[in-house]
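The values are calculated or read from the model by the stated rules, or taken from the named source; none is laboratory data. All figures in this text were calculated on a predicted structure; none of them were measured in a lab. Positions of Cβ are backbone-derived with ideal geometry, glycine not excepted, and every protein chain shown enters the neighbour counts. Surface accessibility is based on the protein's heavy atoms, side chains included, excluding ligands, DNA and RNA. Shrake-Rupley method; radii C 1.70, N 1.55, O 1.52, S 1.80 Å.
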Amino acid sequence: LKEIIQKEQKELDRRKNLYRGDRTSPDLFKKTVILLDDGLATGATIKAALLDLKKQKAEKIIVAVPVAPPDLITEIEKMCDK
């Protein structure tokens with residue numbers, strides 16, 4: 001398990017560096033955030049993003065996706081503002 005965690009953390013760090021470069025994370029405190037996804041299957045990624053946004057104390061979280069299973073939509077609606 002420890003090896004898997006290390007491997008996945010290395011991949012997360014690689015992607016963070018690729019996407020963000022030298023820029024720091026934006027300050028989302030009391031900001032409105034629109035979270036976009038091209039579609040939800042399990043919802044694991046968007047749920048993780050929502051939990052992170054709540055930790056950062058975003059004021060309002062809006063989720064926008066074109067397709068998702070109806071039961072998942074209901075679950076995600078409870079986790080965001082719109």
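Please determine, by comparing only the residues of segment 17-75 that are under 14 Å from the mean Cα position of the chain (by Cα) and among the acidic types (Asp, Glu), which one is surrounded by the fewest Cβ atoms within 10 Å (Cβ to Cβ). Among those that are under 14 Å from the mean Cα position of the chain (by Cα) and among the acidic types (Asp, Glu), it is Asp38. Being part of a loop (DSSP other than H, G, I, E, B) and of a type in the set (Val, Ile, Thr) is not true of Val33. For Gln6, the criteria (1) part of a loop (DSSP other than H, G, I, E, B); (2) open to solvent by 100 Å² or more (accessible area, probe 1.4 Å); (3) of a type outside the set (A, V, I, L, M, F, W, C) hold in every case but one, which is (1).
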